[in-house]
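Please treat every number below as a calculation from the coordinates, not as lab data. Everything quoted here is computed from the prediction, not taken from an experiment. Methodologically, a virtual Cβ is constructed for each residue, glycine included, from the backbone with ideal geometry; neighbour enumeration extends over all protein chains shown.
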Amino acid sequence: MTFTKRQPRSRPETLLKRTEILKAAAETFGSKGYANGTLAEIADQVNMTHAGVLHHFGSKDQLLLEVLQYRDTSDVEDLDDKHIPDGIELFRHLVRTAFANAQRAGIVQAYVVLSSESVTDDHPARSFFESRYRTLRGEVVHAFEVMCAERGITAPDTIRHGAVSILAVMDGLQVQWLLTPEDVDLGRASEFAIEAIVTAVIEQRPTSILAAE
């Protein structure tokens, strides 16, 4: 007979403390970046020692990755099956996410700072963001394909460009909003841009208006 080793379940108070550390780390990494944000500062925010934080996460690199995963999980926690929807519902979800982000500047700041830092060589979050963008592009492309198929449209290049553009617009608006929130309505501006791009893809509008004469 073969016995399967049971994985120990974390106690509620342990899960609560881990979440508290993740939130503190997101704030610290968001305001100071990964390199300058120290475990000691994070530990102070949650009334723990440096060793206590390491007990929960093992290393600073692992803490960083779990902060990023925590951010992604919070985006889909209210969705069925905890997964991004398909077709037009995906784009509606992106708009709702933008409005939600306008109420959580700390986690948005952490994402913006860490994603920007990740383009540097040997950054511990580089592979995370490479994978994340690859996955998101794929999900947006598939949502476009579903909508286009319903309309009898085949436009792989337009779909691919539309997917990349939507992600770029959302991330770029977050930067502008963090710098001057009084000048940028993150939710409304994101909604406008997403709707414009989706409409351009599914209606196959000509794109020659800006072409050089």
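Order of E203, E139 from fewest to most other C-beta atoms within 10 Å?
Values: E203 9, E139 16.
Ranking E203, E139 by Cβ neighbours within 10 Å, fewest first, gives E203, E139.
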- Given 0.36 nm per residue, what is the gain on full extension from F99 to R188 after removing their alpha carbon distance, in nm? 31.3 nm
- Summing +1 per Lys or Arg and -1 per Asp or Glu among the other residues with Cβ less than 9 Å from P124's Cβ gives 0
- Message: Given axes a ≥ b ≥ c from the Cα gyration tensor, I'd like to know whether segment 84-207 is rounded (a/c under 1.5), prolate (a/b larger than b/c) or oblate.
- Response: oblate
- Task: Give me Rg over Rh for segment 22-147, both radii from the alpha carbons and Rh done the Kirkwood way, two decimal places.
- Result: 1.02
- For the chain, rounded, prolate or oblate, judged on the Cα gyration tensor with a ≥ b ≥ c (square roots of eigenvalues), a/c < 1.5 rounded, else prolate if a/b > b/c? prolate
